[in-house]
1. Only residues that are buried (at least 22 other Cβ atoms within 10 Å of the Cβ) and either more than 11 Å from the chain's Cα centre (by Cα) or over 12 Å from residue 62 (Cβ atoms) (or both): list them for segment 34-44, please.
2. Quick test of your reading of the structure: residue 26 fulfils all but one of (1) surrounded by 19 or more Cβ atoms within 10 Å (Cβ to Cβ); (2) without any contact (Cβ under 8 Å) to a residue 24 or more places away in the chain. Name the failing condition by number.
3. Quick test for you: out of 49, 17, 42, 32, pick the one residue that is in contact with a strand residue (DSSP E or B) (Cβ under 8 Å, 6 or more places away or on another chain) and over 16 Å from residue 113 (Cβ atoms).
4. Could you give every pair whose Cβ atoms fall below 6 Å, whose first residue belongs to segment 52-80 and is farther than 21 Å from residue 33 by Cβ, and whose second residue is at pLDDT 95 or above and exposed (fewer than 13 other Cβ atoms within 10 Å of the Cβ), counting only separations of at least 6 or pairs across chains?
């Protein structure tokens, strides 16, 4: 269920599923009050496009997506959140991929709900992670 007024950050796996025609995600995006894409996710998407068999087609899909949604970029406050999250995960003995720490940091910084299919975000206490 989409919460009215809730702002969402989309993880790479959600966007890939959406671009590949997942109607459930498309319906929830349509109902969301605001959708944001972390710059880290944009980079992962572009890497995937360049690593694909249909480079130009996939690049165009991503460029079109990024024209229609706000891209969140990292700043000093994001770096502060990154440091806190990485230290907390280290203390717990639950490391996650570096890019995902940056994505989590943006989610925590703005207090936006992170939409992902990666279970390891549940180990980040400052992030509200949901699955679509």
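The values are calculated or read from the model by the stated rules, or taken from the named source; none is laboratory data. Bear in mind that the values here come from a model prediction, so they are computed numbers and not experimental data. No Cβ is skipped: glycine too gets one built from the backbone with ideal geometry, and neighbour counts run over all protein chains shown.
1. The answer is 38, 40.
2. For residue 26, the failing item is (1).
3. 42
4. Pairs found: 58/52.
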